[in-house]
Amino acid sequence: MKKLIITFIGIYLVCASVLAQDSFDPDELLKQARTLIFDKKYDEGRKVAFRALEKYPNYADILILVGRSYAWEGKNDSASIYLERAIVASPEYTDGYVAYLDNLFWADDLTKAGAVLSRAKSNLGPPVPDEIIYRESRLLYYQEQYKEAFNLVDPLFKKGFKTEGLLGYMKNLERFRMVNAVGATYDYDSFQGDISPWHTWSVYGRTRTQLTGALIARVTQSSRFEDFGTLVELDAYPSIGKNGYAYLNIGGSGASFFPKLRFGASYYHNLEKAWELEAGYRYLGFSQVTHIITGSVGKYVGNWWLNVRLNVIPDSDLGASTSTQLTARYYFKTAEDFFSLQLGTGVSPDEETRDQSQLLNSYRARFGYQQLLSPKFMIYGFTGYSRDELSADTYRNNINLSLGFEYRF
């Protein structure tokens with residue numbers, strides 16, 4: 001009898017030990033797995049997650065975490081297996097559909113994304129969560145239905161919906177959906193001293209083609225230095241892949257204060273985390289040719305767009321010279337309504353109305369406002385002050401006012 005009791009006690013202790021080893025808090029394992037995966041230790045993080053899934057196979061947050069970890073590694077098929085399990089386990093959980101749709105977009109599987117979107121709208125709505133409406137807009141964007149995509153996402157922006165990259169996405173939609181427009185601008189430049197004011201007018205027309213993207217023809221006329229001149233230009237913004245586009249410019253003039261020939265080209269690439277990089281070249285053919293290498297880094301942060309630009313002008317005799325511009329825009333109401341502030345040295349090589357001869361030896365500040373009054377009519381205005389160094393002892397103070405409008409059809 002005594003041996004039997006000892007045997008039962010031994011069995012109990014062994015079982016208790018095994019149960020103790022297998023007892024854990026799945027929420028704690030989720031935290032551990034998330035920390036490892038966010039540190040890009042994907043295999044280690046998944047091992048922790050798999051341990052939890054052995055006992056809790058329908059824990060949606062763990063399934064989603066595993067699915068996203070595979071998606072971040074580009075293993076989209078593996079990601080889909082776990083994300084499918086997540087929405088089956090919790091069909092009314094928004095996060096599962098969000099992760100699943102993101103993965104399918106990265107995999108370029110738009111057909112399956114459409115099917116998952118339908119399931120999300122059926123199980124979650126009405127009302128459909130904002131996160132799902134945003135993904136529906138992205139699906140339409142990938143299907144090149146830009147107007148429909150904008151119509152879905154614009155109300156989200158207006159009511160304050162926040163997600164990383166929203167503003168940059170809307171700016172891309174604007175570039176694709178705006179087809180035909182005409183516009184005009186007027187610039188007034190006043191100077192301290194004996195220089196007469198400059199008056200500059202510009203008119204432009206914009207359309208869109210499959211090859212060129214946005215295509216803009218512009219004519220600029222200016223009265224300055226007791227002379228009158230006309231500059232004619234053509235701009236194009238062709239798309240290059242899913243995350244990039246180009247800027248191309250060519251123009252010319254017979255006036256001494258405009259370049260006889262100007263040419264520009266840039267490539268813009270959208271990165272993760274709402275970053276944008278640009279690299280480009282500008283040619284300005286005055287009496288002496290100016291070559292400009294330009295580049296910028298931009299970042300969307302909430303309703304802000306911040307951009308830093310560097311211009312480099314090589315010179316075989318004097319060495320390279322540089323100028324910089326810092327631009328900040330705050331967007332409100334829509335992705336086309338903003339206040340802007342620009343600080344910098346030099347004049348931007350893309351500004352037709354400015355005196356390019358003072359490109360480097362200028363210091364300036366500029367404030368602007370743009371608003372879309374209706375879906376078809378937009379107004380904008382900018383004002384600024386610049387101090388141009390003409391020689392070691394001579395400076396030119398300039399106040400600039402720019403007004404413009406655009407009509408779309």
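Data table
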item	result
Count - residues of segment 193-206 that are part of a loop (DSSP other than H, G, I, E, B) and more than 16 Å from THR383 (Cβ to Cβ)	4
Residue in segment 215-225 that is out of contact with any Ser or Thr (no Cβ under 7 Å at 6 or more places or on another chain), closer than 23 Å to PHE382 by Cβ and small (Gly, Ala, Ser) present	yes
Condition check for GLU272: among the acidic types (Asp, Glu), in contact with a strand residue (DSSP E or B) (Cβ under 9 Å, 6 or more places away or on another chain) and within 30 Å of THR163 (Cα to Cα)	no
Where ASP61 falls short, out of the listed (1) farther than 27 Å from PRO375 by Cβ; (2) charged (D, E, K, R); (3) touching a residue at least 40 places away in the same chain (Cβ under 8 Å)	(3)
Matching residues, segment 115-162, being within 17 Å of TYR100 (Cβ to Cβ) and of a type in the set (Gly, Ala, Ser)	ALA115, SER118, ALA120, SER122, GLY125, SER137
Residue within segment 176-183 that is closer than 30 Å to THR220 by Cα and part of a helix (DSSP H, G or I) present	yes
Flag if ALA149 is among the hydrophobic types (A, V, I, L, M, F, W, C), loosely packed, with under 15 Cβ neighbours inside 10 Å and part of a helix (DSSP H, G or I)	no
Count of segment 87-123 residues which are closer than 22 Å to LYS40 by Cα and assigned to a helix (DSSP H, G or I)	11
Pair list, Cβ < 6 Å and 6+ apart or interchain, from segment 204-222 residues that are within 19 Å of ALA255 (Cα to Cα) to residues that are in a loop (DSSP other than H, G, I, E, B) and hydroxyl-bearing (Ser, Thr, Tyr)	none
Some residue of segment 231-239 being assigned to a helix (DSSP H, G or I) and either in contact with a helix residue (DSSP H, G or I) (Cβ under 8 Å, 6 or more places away or on another chain) or of a type in the set (A, V, I, L, M) (or both)	no
Helices (runs of 4 or more DSSP H) wholly inside segment 1-66 that include at least 3 residues being modelled with pLDDT of 65 or more	26-38, 42-55
Number of the exception - GLU164 against (1) assigned to a helix (DSSP H, G or I); (2) at pLDDT below 95; (3) out of contact with any Gly (no Cβ under 9 Å at 6 or more places or on another chain); (4) charged (D, E, K, R)	(1)
Matching option when the condition is under 30 Å from ASN398 (Cβ atoms) and either touching a Leu at 6+ places or on another chain (Cβ under 6 Å) or not hydroxyl-bearing (Ser, Thr, Tyr) (or both), among ASP77, ASP154, ASP130, ASP189	ASP189
Contacts under 8 angstrom Cβ, first residue in segment 38-55 being closer than 11 Å to SER69 by Cα, partner acidic (Asp, Glu) and part of a helix (DSSP H, G or I), 6 or more apart	none
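The values are calculated or read from the model by the stated rules, or taken from the named source; none is laboratory data. Just so you know, these numbers come straight off a predicted model, no measurement behind them. Backbone-built Cβ (ideal geometry, glycine too); neighbour counts: all protein chains shown.
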